[in-house]
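Reviewing the structure listed below.
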Amino acid sequence: MTALMPAPGESSRRLALIHTGGTIASGPNPDGSGVLPRQAPQLPGMTDVVVSEYQPFNLPSPHITPAHMRRLATLVGEVAPGVDGVVITHGTDTLEETAFFLHLTLNSSVPVILTGSMRHAAEVSWDGPGNLLDAAQVALCPESRGRGPLVVFGGDIFDARTVTKVHTSSVDAFGGYPGPIGRIDRVGDSPRVHYFARPETRPTYQLAGSDARVEILYAYAGWTGEGFAEAAARADGLVIAALGTGNLPAELLPLIARSRRPVVIATRTHAGPILPVYGYAGGGATLVEAGAIPASFLNAHKARLLLLVLLSLDYGPQQIREVFQQGAF
Ligand code: ASP
């Protein structure tokens, strides 16, 4: 599916541009103490578009919490009905988490596109303007409607469920299995947006109550469960970034079997599903038998957000298991 954008002046399209900070809004601190969010980036060269700008906060993305994501979801819910597209600029470090939170909680067919940059405005290789222009043009493309929040970076268009940051410094910082769902390129000044798949229907979750506390534990060779009891005592739910298809050292099996909190098993491997294959103590089949919930294809930090949303809605263990099992996200 390829969509050509209307020529400049053909229509008065409306775009909401929401700035939240990150490298795309950053520059060096004059006192020499490092780079930090300073000034929101300007949208280059879209004179035919009516742009309304918002800045709910101006943060480096390691400072973003689920409470900020909620604020953002509320703001997008308010502005989306009045515009043709929404762009959110965001730090790249937690961009995929905010994208997935919005994916879970926003019920709107208006395109919502997140982007950022890996280089700041004072660097010769600043990738901010290009990414911002790409994001705006994807947001205003009719083919982007009904796809849920998307991430646009380096010309690639990613689904919020699968996108992940794959490099700490390259401008091609985003990827994730099975890869982009679309691409934006330009011929001369004309943008061309191409999607490789059709939009799909998906459930969304209307947030209520306050955020549940969900913690992530990271598995490694020789882990005997250090930190598990402490995390289970203070959290409402746990996610484990487990090994391979969702396996753990034998010592974790009784801890999970006794846990009164839901325990979701994701993988620390970079791609692929959780499968209940192995029957040795701690193998995936034994963990599921002991009550653990497989995270499907979600990485640990996205599984955490889904569990957090479901627990905030008072979902019980069986309902949580069904959401993960049926891929209802
Ligand atoms: N390195 C980050 C970025 O690219 C900083 C942040 O996430 O705020 O935006």
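The numbers here are math on the coordinates, done by the rules we state, and not lab data. Keep in mind that this is a model prediction, so the values were computed, not measured. Cβ: placed from backbone, ideal geometry, glycine included. Neighbour counts: every protein chain shown.
At a glance:
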read-out	value
Prolate/oblate/rounded label for the range 196-257 (Cα gyration tensor, a/c 1.5)	oblate
Beta bridges by DSSP in the range 170-329, antiparallel share as percent, to the nearest 5	35 percent
Sequence-distant residues sharing a close amide H with Thr164 (under 5 Å, placed H)	Gly175, Gly176
Angle in degrees between helix 317-326 and the longest Cα principal axis of the chain, rounded to the nearest 10	50 degrees
Segments 277-283, 32-38, 149-155 sorted - mean Cβ within 10 Å per residue, highest first	149-155, 277-283, 32-38
Long-range Cα-Cα pairs in the range 158-235 (distance over 19 Å), rounded percent	68 percent
Order by protection proxy (mean Cβ within 10 Å, highest first), peptides 78-88, 63-73, 311-321	78-88, 63-73, 311-321
Fraction of antiparallel bridges per DSSP, the range 7-64 only, in percent to nearest 5	30 percent
P(r) tail fraction, the range 181-302 - alpha-carbon pairs more than 17 Å apart, %	62 percent
Check: the range 1-146 dipole with +1 on Lys, Arg Cβ and -1 on Asp, Glu Cβ, in debye	260 debye
The range 1-157: C-alpha gyration tensor shape, a/c 1.5 cut-off, then a/b vs b/c	oblate
Crossing angle, helix 95-105 versus the chain [Cα axis fit, 0-90 degrees, rounded to tens]	80 degrees
Furthest towards positive pole of dipole, Val187, Ala295, Val277, structure part the chain, Cβ charges	Val277
Viscosity 1.567 mPa s, 4 °C: Kirkwood-radius Stokes-Einstein D of the range 60-148 over Cα pairs, µm²/s	96 µm²/s
Cα-centred dipole magnitude for the chain, charges only on beta-carbon of K, R (+1) and D, E (-1), debye, nearest 20	500 debye
Amide H within-cut-off set for Arg119, under 5 Å, with H built and near neighbours excluded	Asp127, Gly128
Cα convex hull volume per residue for the chain (Å³)	139 Å³
Length-normalised contact order for the range 112-258 - Cα pairs under 8 Å, 6+ apart - percent	15 percent
Rounded to 10°, Cα long-axis angle of helix 300-312 versus longest principal axis of the chain	80 degrees
Helical contribution to [θ] at 222 nm, DSSP H n ≥ 4, -39,500 (n - 2.57), averaged over the chain, rounded to 500	-7000 deg cm²/dmol
For the chain: relative contact order, % (alpha-carbon pairs under 8 angstrom, 6 or more apart)	14 percent
The range 10-50: C-alpha gyration tensor shape, a/c 1.5 cut-off, then a/b vs b/c	prolate
